[in-house]
Ligand code: ADP
Ligand code: MG
């Protein structure tokens, strides 16, 4: 359903980590809005806080202050179990190194998020098969990750991220471990999901070529959001 995704609004979001006796600020007063159905790329040097910001948006980690409104709900106010429930319904995750379970087949990996839902085993299988077909891996369902190329593993991970039909996909350097051709396949797939299914995508990347697939690029510098980059996306 294109256009069904909620807007994501960050207001004055800050986050520090404590290292020994030192408080290390990682994100300082971040405010911006991700539009419904937007494909946003987050760039910036290593250590600038990209993964931390992504994890806050995805409800994996908690901000120290500020609010994060998703479709009007402030997820920073949810208790741990409500946040976990929101996350499992609303957000799919894609990681740099795929994070597939090596002893499970592609189909079993994709089915995993559905084990937390009341779906019957038969429906779980059906949904997992449909997600793998969507990413072009109908022929590879019974393969284990070790029998798949990097690009195929990442497409399996995208199928796993999609299988519960979340509105939001977050991806942390999803092409960081792929050759150019596989990277382009994965990016084309994500852009297609964004376009045809209206998924909001927030993607962290180092790669300007990857960022070209996004509608908009924002950059982090030492935990502060830099101005939008009109050179990349006028
Ligand atoms: P990026 O993804 O842009 O490379 P991160 O968000 O991973 O940056 O990290 C930003 C900063 O926060 C880094 O200085 C990192 O060392 C620090 N950091 C990240 N996670 C933790 C943690 N769990 N504990 C302490 N410091 C952390
Ligand atoms: Mg990172």
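Here, each number is a calculation from the coordinates, and none is a lab measurement. Predicted, not measured: the structure shown is a model, and the values here were computed from it. Cβ sites come from the backbone with ideal geometry, for glycine too, and all protein chains shown count toward neighbours.
For the chain, averaging the sequence separation of C-alpha pairs within contact (under 8 Å, six or more residues apart) and dividing by the residue count gives a relative contact order of 29 percent.
Assuming R0 = 35 Å, can you tell me the calculated FRET efficiency for the pair residue 33 and residue 206, based on Cβ-Cβ distance, to the nearest 0.05? In this case the efficiency is close to 0.90. The listed peptides 59-65, 210-216, ordered by packing as a protection proxy, come out as 210-216, 59-65 (highest mean of other Cβ atoms within 10 Å first). Of 203, 141, 190, which is the most mobile in a GNM of the chain whose springs link Cα atoms less than 10 angstrom apart? So, out of 203, 141, 190, the one fluctuating most is 141. Between residue 224 and residue 122, the contour length at 0.36 nm per residue exceeds the alpha carbon distance by 32.0 nm.
Label-to-label distance for residue 215 and residue 88 is 3.0 nm, based on points extended 7 Å past Cα in the beta-carbon direction. Say each of residue 165 and residue 191 gets a label point 7 Å from the Cα, pointing the same way as Cα to Cβ; how far apart are those two points in nm? Using points 7 Å along Cα→Cβ, the separation is 2.7 nm.
Please rank 23, 13, fewest neighbouring Cβ atoms within 10 Å first, as an exposure proxy.
Sorted ascending by nearby Cβ count, the order is 23, 13.
Considering only 117, 156, 105, the Gaussian network model of the chain with Cα springs below 10 Å gives its largest mean-square fluctuation to 117. Please identify, among 114, 132, 123, the residue showing maximal mean-square fluctuation in a Gaussian network model of the chain using a 10 angstrom Cα cutoff. Top of the fluctuation ranking is 123.
Using only the alpha carbon atoms of the stretch 81-144, find the Kirkwood hydrodynamic radius as the inverse mean reciprocal pair distance, in angstroms to one decimal. If you can, show how the numbers build up before the last one.
Working: mean 1/r = 0.0786 Å⁻¹.
About 12.7 Å for the stretch 81-144.
Each DSSP beta bridge with both residues in the chain is either parallel or antiparallel, and the antiparallel ones are about 50%. For the chain, rounded, prolate or oblate, judged on the Cα gyration tensor with a ≥ b ≥ c (square roots of eigenvalues), a/c < 1.5 rounded, else prolate if a/b > b/c? Taking the square roots of the gyration eigenvalues as a ≥ b ≥ c, the chain is prolate.
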